[in-house]
Every structure is written in structure tokens, then in C-alpha cells.
Amino acid sequence: MIMDKLNVTLTAVKNLRSNVRQCFEHLADGTDGEGVEESRNKFVHEFQEKYNNINSQLREVEQLINGLQVPPTAYHLGNTTYLAQETSQDRQALYPQLVNSYKWIDKVHDHSFLAFNNLNQNTLRRSYNYCSQKRQRLPFSSFNNDPDHIEKLLSEINYPTHTTYKVFRPFGSNAVAIVTIANVLKAAIVFKGVLIEWVTVKGFDEQLDHDDLWAESRYEVFRKVQEHTHSAMLHFYSPTLPDLAVKSYMTWLNSHYKLFLEPCKRCGKFIANGLPPTRRDLRTLEPFHEECRNC
């Protein structure tokens, strides 16, 4: 009975801390800047609701704490109770370290379980480990193709006027395409045959050529965009229909030309945590903040 009350109290304290954190995040985000008076009134109204909710939860926590009783005996902690019998000063801090280790292992277990489910749903096979059961000479495949096929494939895509590209071959027959999207970003797409092997994204004012294909951008926003391009690269990966995969990927990549001009489709804000909506939906191409897309 005592443990049940203690668990309810700890849960109430956890909820209170979570709501306080959300309230401060709401204050930090501010207004979205559209319709100053209307936006300000909406912001104040939402803050008042969060503040009243925190006050009610605080009163609830105080009532629960006042209802707790001092246990007649110490709580049973299993074998960890023997740690309190240590007389050595170095070993007296083992119990809090043990609790932190348990929490860390518990989080690792949860994240590993989620990653296992995601990996089972998506076949993340890459071109270097994809092979058929029988080795045979194919007239055309993702690897054995015309050296000029990439140029022909890219020329067939209907690019907007703000997008340009150039192709060069620093690695022999495998091509590298430097795509410039408006005055926003540059992307280096490394091909292996017709399959996309790597993508590097940098700002429009940064240098991007064959000498620094693997160096990341110095801007955090383009490092985030590069992470999303790698996810899209795995999503559109198709060794059986490589041409369609490249065309679909290029269509998705071109949706970043309004990276700093479009608000998030979920929260309606242009900036969240100092970044614009860097994630583009793989089907609808709608912009989202990384936090909003996972809500």
C-alpha cells in the first residue's frame, strides 16, 4: 500500500517536471510571426493554459506528499542493501552509480528493440552486398551499363529552372553529379553504376568538388539535410528499377529549393530549435521539423 502511494507520487512529480519543461520550451519558441496581434493573443492563451495546468498539478503533488507516511521499516532493496554496510569511503558511492547504470542499460534495451523492429521493416541492402545466387553475364544491370548512362538519365529528368547539375568521373567509370538547387544548397551524389552510394550536402556558398566529397558542411542545417538525404537514399533504393529510383530521388531532393521559405506543416513555424524544417516527406514532399515529424 505504501509503495503504491509512493509510485503514484513519483509519477505525479515526473508529469509535473515534464509539463514545466514543455512550458519553458513554449516560451523559448515564441510566436510564428504571422498576424502579430492574433499570434500574440494565441501565444498568451496557450501559456495561461499550461501555467494553470502546472498549478493544478503542483497542488496535486503537494496533497500526495502530505498523504505519504513514514514507513515503519526500511524499503527492501534486495542485495543492494548490503552496499550500505561498506565502511570504505570509495565504495559508499556504488549504489547511485548502480542505479544510473541500470537506467542506462534499460534505455539501451528499449532503443535496441525499436531499432530491431525498424530494421526488420526496411531492407537496408546496399550495392556492395547485393548479388544474385548465380554469377552470370548480364547485358544490362545496375553495375554493368553504358558509361554515359548517368548523363542520359539525368538529362531526361525535368529539372526546374533553379536546378543545375554537372557530371564528372574522378573514380573511373563511376560518376559523381554535383547538383545545385537555387541559391540554397549543393549536393554531391556519388554513383556506383546507376545506384546512389553516397550523398554530401553543403551550403550554396561552400566549396564542393571531387577533393572534398566526404567532408561535412560547416552549417548544422545542411548537416541535418544530409542525414535526411541518406534516409531517402535507402528509401528509394531499388536495384531492379534503378532509373526510376534515381528519378524519384532527384524529385525528392529538388523539394529543398524552399528550405528557408516554407513553414512546418505541423506546427506552422519557420524556425524550431534554431533550424528551419529540414525534413521532407518522402511521398508528399511536405516540410517538417525533425521534432514535429516524429510527433
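Can you bin every Cα-Cα distance in the stretch 183-295 into 5 Å intervals starting at zero and give me the percent of pairs per bin, rounded to whole numbers? Result returned by the calculation: 2, 12, 23, 22, 20, 13, 6, 2, 0. Shape analysis of the stretch 2-70 places it in the prolate category; the axes a ≥ b ≥ c from the Cα gyration tensor give an a/c of at least 1.5, with a/b above b/c.
Note on the stretch 147-261: with neighbouring protein chains present and a 1.4 Å probe, carbon and sulfur make up 53 percent of its accessible heavy-atom surface. For the set 152/202; 103/224; 107/247; 103/258, the pairs lying more than 31 angstrom apart at their alpha carbons are 107/247; 103/258. Gyration tensor over the Cα atoms of the stretch 204-269: the corresponding equivalent ellipsoid has semi-axes (square roots of 5 times the eigenvalues, largest first) of 22, 20, 11 Å. Excluding residue 188 itself, what net charge comes from residues whose Cβ is under 12 Å from its Cβ, given Lys and Arg +1 and Asp and Glu -1? It works out to a net charge of -3.
Within the same chain, aspartates and glutamates fewer than 8 places from residue 269 are excluded, and of the rest, those with a Cα less than 13 Å from its Cα are 29, 32, 34, 290, 291. Taking every C-alpha pair closer than 8 Å and separated by at least 6 residues, the mean separation divided by the residue count of the stretch 212-295 gives a relative contact order of 23 percent.
Averaged over its residues, the stretch 147-261 has an accessible area of 46 Å² per residue, based on protein heavy atoms and a 1.4 Å probe. Each Cα pair of the stretch 141-214 feeds into the Kirkwood radius, which the Stokes-Einstein equation turns, at 4 °C and 1.567 mPa s, into a diffusion coefficient of 101 µm²/s.
The values are calculated or read from the model by the stated rules, or taken from the named source; none is laboratory data. Note that the coordinates shown come from a computational prediction; the quantities given were computed from them, not determined experimentally. So basically every Cβ, Gly included, is an ideal-geometry build from the backbone, and we count neighbours across all protein chains shown. Note: accessible area is taken over every heavy atom of the protein model, side chains too, but ligands, DNA and RNA are not part of it. Shrake-Rupley method; radii C 1.70, N 1.55, O 1.52, S 1.80 Å.
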